[in-house]
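Structure first, commentary second.
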Amino acid sequence: EAQVTQNPRYLITVTGKKLTVTCSQNMNHEYMSWYRQDPGLGLRQIYYSMNVEVTDKGDVPEGYKVSRKEKRNFPLILESPSPNQTSLYFCASRLAAGTNTEAFFGQGTRLTVV
Amino acid sequence: GENVEQHPSTLSVQEGDSAVIKCTYSDSASNYFPWYKQELGKRPQLIIDIRSNVGEKKDQRIAVTLNKTAKHFSLHITETQPEDSAVYFCAASLSNQINTGTASKLTFGTGTRLQVTL
């Protein structure tokens, strides 16, 4: 089954404790991205990757890092989480950059930073 | 960059009535406009999309219209049912800039919470 898988689904952490949210897709998609969803603000892009070893900032990249060492995986790293990063996070993948194709989303990760 | 505005933020309709959600975009070069539905606690999923060379597209009870001149597009749901209750997001994208930093970026609206009452 074609899918995007995120882990964990729920996470409560303390300010400053490094964490990683994993994302994996099995569709051989080149383009992957991370979004955060906040009430009244919709889905905002944090980082994206056009292919292996090619990543770039989205609209709200501050406080986040990503890596793309393999095509299928695109982890989101919060090196020193702060309460304003409490949000619902979604990973998404699309076939390739420059194509008008469907974005497939992961199940979401609800992160709370206390 | 692209900016997408979506209205209304909440919409309540009676079962069987129609619902219309409207979006405007700022970048006249955008050429792909998908709509996503997000049920409570679930991930967003594509329900319909339209490309800039088409003015209208229909899929059963769902239709999308695009006015390129005015830079707005709308989602129309007819004969609404309780299972249509969800948050709907519009988005805009530009796909003709391969290998640039803006390639394939989907810019989303802020969402519309649709409630279909019995």
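The values are calculated or read from the model by the stated rules, or taken from the named source; none is laboratory data. Worth saying up front: this structure is predicted, and the values here are computed from it rather than measured. Here the Cβ is made from the backbone with ideal geometry for all residues, glycine too, and neighbour counts use every protein chain on show. Ligands, DNA and RNA are excluded from the accessible area calculation, which covers all protein heavy atoms including side chains. Shrake-Rupley method; radii C 1.70, N 1.55, O 1.52, S 1.80 Å.
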- Residue, nearest to the other protein chains (Cβ to nearest Cβ), within the range A:67-100, restricted to residues that are small (Gly, Ala, Ser) and in contact (Cβ under 8 Å) with a residue 60 or more places away in the chain: A:97
- Exactly one condition in (1) modelled with pLDDT of 95 or more; (2) within 11 Å of chain B (Cβ to nearest Cβ) is not met by residue A:17; state its number. (2)
- Kindly provide the set of residues from the range A:101-114 that are within 14 Å of chain B (Cβ to nearest Cβ) and open to solvent by 30 Å² or more (accessible area, probe 1.4 Å), ordered by number. A:101, A:102, A:104, A:107, A:110
- When restricted to B:87, B:54, the only residue without any contact (Cβ under 8 Å) to a residue 40 or more places away in the chain and within 14 Å of another protein chain (Cβ to nearest Cβ) is B:54
- Query: In the range B:20-51, which residues are within 12 Å of the chain's Cα centre (by Cα) and more than 12 Å from every other protein chain (Cβ to nearest Cβ)?
  - Reply: B:20, B:21, B:22, B:24, B:25
- Which condition does residue B:10 not pass, out of (1) open to solvent by less than 70 Å² (accessible area, probe 1.4 Å); (2) in contact with a Leu (Cβ under 9 Å, 6 or more places away or on another chain), if it passes all the others? (1)
- Message: If the requirement is being over 23 Å from residue B:91 (Cα atoms), within 14 Å of chain B (Cβ to nearest Cβ) and of a type in the set (Ser, Thr, Tyr), which of these qualifies: A:64, A:10, A:47?
- Response: A:10
- Criterion violated by residue A:57 - all others in (1) over 26 Å from residue B:33 (Cβ atoms); (2) facing chain B (nearest Cβ under 10 Å); (3) of a type in the set (Lys, Arg) satisfied: (1)
- Of all residues in the range A:39-96, how many are among the small types (Gly, Ala, Ser) and surrounded by 15 or more Cβ atoms within 10 Å (Cβ to Cβ)? 8
- Task: Quick one: count up the residues across the range A:6-24 that are on the phi < 0 side of the Ramachandran plot, of a type outside the set (D, E, K, R) and not in a strand (DSSP E or B).
- Result: 3
- Query: Of the residues A:61, A:75, A:81, which single one is modelled with pLDDT of 95 or more and over 25 Å from residue A:39 (Cβ atoms)?
  - Reply: A:75
- Within the group B:68, B:37, which residue is open to solvent by 60 Å² or more (accessible area, probe 1.4 Å), in contact (Cβ under 8 Å) with a residue 40 or more places away in the chain and within 21 Å of residue A:101 (Cβ to Cβ)? B:68
- Residue among A:39, A:83, A:75 that alone is within 15 Å of the chain's Cα centre (by Cα) and of a type outside the set (S, T, N, Q): A:75
- Looking only at strands (runs of 3 or more DSSP E) that fall completely inside the range B:1-51, which ones have 3 or more residues that are under 14 Å from residue B:64 (Cβ atoms)? B:19-25, B:32-38, B:45-51
